[in-house]
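Novice: Please see the structure below; I have some questions.
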Ligand code: EPZ
């Protein structure tokens, strides 16, 4: 196992390039199952989760090859596959659940391991299953697996309202409906940019999807789709993580290759803490000027403040000249980074869904433990701001969502390296 070692207190200056979006690449790669033939997905991030999705498609009988620079994926889907996702693979990546809709839509049957919970919450998939049942699927849960079948081999269009907004739930049902018979109307859909990018990819395959980016999707099912050739959008959460780094005192960072329109809620909060955020060629420039100001943050589905940026946003607030609150409304247990930030000297109290962050003049480096993907990113940011040495252990969490973060931060002046733990 690796660790990341940071000598903090050095202001970051320079330009950092954003990779393709993990949370768009994963469902888009899964959508290749909807059409046999040779697919090409470009601007794919070189991440552990992408490799896992590739292994999952390989298990089904597809081929999954990445280009020399690992940033494009060639996928060959045969006319028939083994429509199952085994526990050994699903347990390492919950997002594997997004193969359920495509498998069921294309082959009329699927057997997918229940993803189980993770550090940040129970993360059930009941909304996914209700959506598939609305499209006519029969669902059986046994021995830790979902077995889904479409009577007569094809799903039927329907009107369905999600009881709660779910990103991968919206993606799963949208993909299933793309090949269903007739029209499907989905309401209370997730509006995240990654959902929009998937809809764009599906329409390029010949699907007929309207309304992506709004809470109502209208999908007219077709008999067959053609192979994919799609370039994945930039990762707004990786971009946001670097923007937060640039908002730390004395920093001046250009984050390029990102889509400013995907980051509006975060940029508003960064400006509220006192950072100057301005558009530049290809992205955004952020300057952290002096001690951050306290703010109130409340996460909510897009276009609200992203839950995936909650841990990272806590770091500048730890150094603010006053008390801030961060309320996490999406997941039930997404404050694991708090106890680690406290080891670095942060003054944070948790009251239910809300963390009260009392700013302190400085953080001091210490060994800390990553617990989940975005918590580990927050610990890296805190290490950059802290005085002295911070060691972040269990960085395999970090590698699931960030492509060699130490190689991206070092050119900005960060004294950061990866070591064997
Ligand atoms: C996606 O997860 C992202 N992952 C998550 O990013 C992100 O945090 C989350 O959306 C919210 O934005 C991918 O896209 C691969 P949800 P997802 O279904 O789809 C509850 C990261 O850091 N719910 O929108 O699994 C659920 O428990 C990851 O990159 C049900 O109750 O999230 C949660 O409280 C972490 N039943 C809320 O809805 C369901 O059937 C939102 O979950 C589905 C969800």
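Novice: Scan segment 20-40 for residues that are surrounded by 24 or more Cβ atoms within 10 Å (Cβ to Cβ) and in contact with a strand residue (DSSP E or B) (Cβ under 8 Å, 6 or more places away or on another chain) and jot them down.
Specialist: Keep residues of segment 20-40 that are surrounded by 24 or more Cβ atoms within 10 Å (Cβ to Cβ), which gives 20-34, 39.
Those that are surrounded by 24 or more Cβ atoms within 10 Å (Cβ to Cβ) and in contact with a strand residue (DSSP E or B) (Cβ under 8 Å, 6 or more places away or on another chain): 20, 21, 25, 28, 29, 32, 33, 39.
Novice: Another one. Being under 22 Å from the mean Cα position of the chain (by Cα), surrounded by 24 or more Cβ atoms within 10 Å (Cβ to Cβ) and not in a helix (DSSP H, G or I) is the filter here; which residues of segment 80-114 pass it?
Specialist: The answer is 85, 112.
Novice: Next up: Check off (1) more than 22 Å from the chain's Cα centre (by Cα); (2) within 16 Å of the ligand (Cβ to nearest atom) for residue 225 and give me the number that stays unchecked.
Specialist: (2)
Novice: Kindly indicate whether any position in segment 386-395 is over 23 Å from the mean Cα position of the chain (by Cα), assigned to a loop (DSSP other than H, G, I, E, B), buried (at least 23 other Cβ atoms within 10 Å of the Cβ) and modelled with pLDDT of 95 or more.
Specialist: Residues of segment 386-395 that are over 23 Å from the mean Cα position of the chain (by Cα), as a first pass: 386-391.
From the residues that got through so far, the ones that are assigned to a loop (DSSP other than H, G, I, E, B) too are 386, 388.
Still in the list and also buried (at least 23 other Cβ atoms within 10 Å of the Cβ): 386.
Within this subset, residues satisfying the condition of being modelled with pLDDT of 95 or more are 386.
So far as segment 386-395 goes, yes, one or more of its residues are over 23 Å from the mean Cα position of the chain (by Cα), assigned to a loop (DSSP other than H, G, I, E, B), buried (at least 23 other Cβ atoms within 10 Å of the Cβ) and modelled with pLDDT of 95 or more.
Novice: Just give me the residues in segment 146-164 being free of Cβ contacts under 8 Å to residues at least 40 places away in the same chain and in a strand (DSSP E or B), in sequence order.
Specialist: Across segment 146-164, the qualifying residues are 147, 156, 159, 160, 161.
Novice: So, residue 77, is that one crowded, with 19+ Cβ neighbours inside 10 Å and within 16 Å of the ligand (Cβ to nearest atom) or not? Walk me through it before giving the result.
Specialist: Details: crowded, with 19+ Cβ neighbours inside 10 Å: yes; within 16 Å of the ligand (Cβ to nearest atom): no.
No.
Novice: Go through segment 364-384 residue by residue and tally those that are more than 16 Å from the ligand (Cβ to nearest atom) and touching a residue at least 40 places away in the same chain (Cβ under 8 Å). If you could, list the steps in order and put the result at the bottom.
Specialist: Start the filter on segment 364-384 by keeping residues that are more than 16 Å from the ligand (Cβ to nearest atom), which leaves 364-369, 382-384.
This time we only want the ones that are touching a residue at least 40 places away in the same chain (Cβ under 8 Å), so: 365, 382-384.
Selection size over segment 364-384: 4.
Novice: How many residues does segment 344-363 hold that are in a loop (DSSP other than H, G, I, E, B) and either within 16 Å of the ligand (Cβ to nearest atom) or buried (at least 22 other Cβ atoms within 10 Å of the Cβ) (or both)?
Specialist: Pass one, segment 344-363, residues in a loop (DSSP other than H, G, I, E, B): 344-346, 352-353, 359-363.
Keeping just the survivors that are either within 16 Å of the ligand (Cβ to nearest atom) or buried (at least 22 other Cβ atoms within 10 Å of the Cβ) (or both) gives 344, 346, 352-353, 363.
Qualifying residue count for the region: 5.
Novice: Step by step: first the residues of segment 274-303, then only those that are within 16 Å of the ligand (Cβ to nearest atom) and outside any strand (DSSP E or B), then the one that is nearest to residue 194 (Cα to Cα). Which residue is that?
Specialist: Within segment 274-303, the subset within 16 Å of the ligand (Cβ to nearest atom) is 297-303.
From what's left, outside any strand (DSSP E or B): 300-303.
Working: 300: 16, 301: 12, 302: 10, 303: 12 Å.
Ranking the qualifying residues of segment 274-303, first place goes to 302.
Novice: Among the candidates 243, 317, which residue alone is touching a helix residue (DSSP H, G or I) at 6+ places or on another chain (Cβ under 8 Å) and within 24 Å of residue 356 (Cα to Cα)?
Specialist: 243
Novice: Another question, if that's okay. Give the residue that is modelled with the highest pLDDT, with candidates limited to residues of segment 121-145 that are assigned to a loop (DSSP other than H, G, I, E, B), within 13 Å of the ligand (Cβ to nearest atom) and farther than 20 Å from residue 53 by Cβ.
Specialist: Of the residues in segment 121-145, the ones assigned to a loop (DSSP other than H, G, I, E, B) are 122-125, 135-137, 143-144.
In the following step, the residues that additionally are within 13 Å of the ligand (Cβ to nearest atom) were identified as 122-125.
Next cut, farther than 20 Å from residue 53 by Cβ only: 122, 124.
Values: 122: 80, 124: 90.
So the residue we want is 124.
Novice: Name the single residue that is nearest to residue 182 (Cα to Cα) among those in segment 157-169 being more than 6 Å from the ligand (Cβ to nearest atom) and surrounded by fewer than 18 Cβ atoms within 10 Å (Cβ to Cβ).
Specialist: 159
Novice: Considering only residues of segment 244-261 that are part of a helix (DSSP H, G or I) and away from the ligand (no atom under 16 Å from the Cβ), which is surrounded by the most Cβ atoms within 10 Å (Cβ to Cβ)?
Specialist: The residue in question is 245.
Here is a yes/no grid of residues against (1) modelled with pLDDT under 95; (2) out of contact with any strand residue (DSSP E or B) (no Cβ under 9 Å at 6 or more places or on another chain):
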| site | (1), (2) |
| --- | --- |
| 314 | no, no |
| 319 | no, yes |
| 324 | no, no |
| 345 | no, no |
| 364 | no, no |
| 401 | yes, yes |
| 412 | no, no |
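Novice: Which of the residues belonging to segment 173-207 are within 15 Å of the ligand (Cβ to nearest atom), farther than 21 Å from residue 236 by Cα and part of a helix (DSSP H, G or I)? Write out each step before concluding.
Specialist: Residues of segment 173-207 within 15 Å of the ligand (Cβ to nearest atom): 173-176, 186, 188-199, 201.
Still in the list and also farther than 21 Å from residue 236 by Cα: 173-176, 186, 188.
Correct list: 173, 174, 175, 176.
Novice: List the pairs whose first member sits in segment 125-145 and is farther than 9 Å from residue 172 by Cβ, whose second member is away from the ligand (no atom under 15 Å from the Cβ) and assigned to a helix (DSSP H, G or I), and whose Cβ atoms are under 7 Å apart, counting only residues at least 6 apart or on separate chains?
Specialist: Taking only residues 6 or more apart or on different chains, the pairs are 135/177; 136/151; 137/104; 138/151; 144/87.
Novice: Sticking with this one: Quick check on segment 146-156: of everything there that is under 22 Å from residue 82 (Cα atoms) and touching a strand residue (DSSP E or B) at 6+ places or on another chain (Cβ under 6 Å), which residue is nearest to the ligand (Cβ to nearest atom)?
Specialist: Residue satisfying both the conditions and the ranking: 146.
The values are calculated or read from the model by the stated rules, or taken from the named source; none is laboratory data. What you are looking at is a predicted structure, and each value in this text was computed from that prediction instead of being measured. Cβ coordinates were reconstructed from backbone atoms using ideal geometry, including for glycine residues, and neighbour counts include every protein chain displayed.
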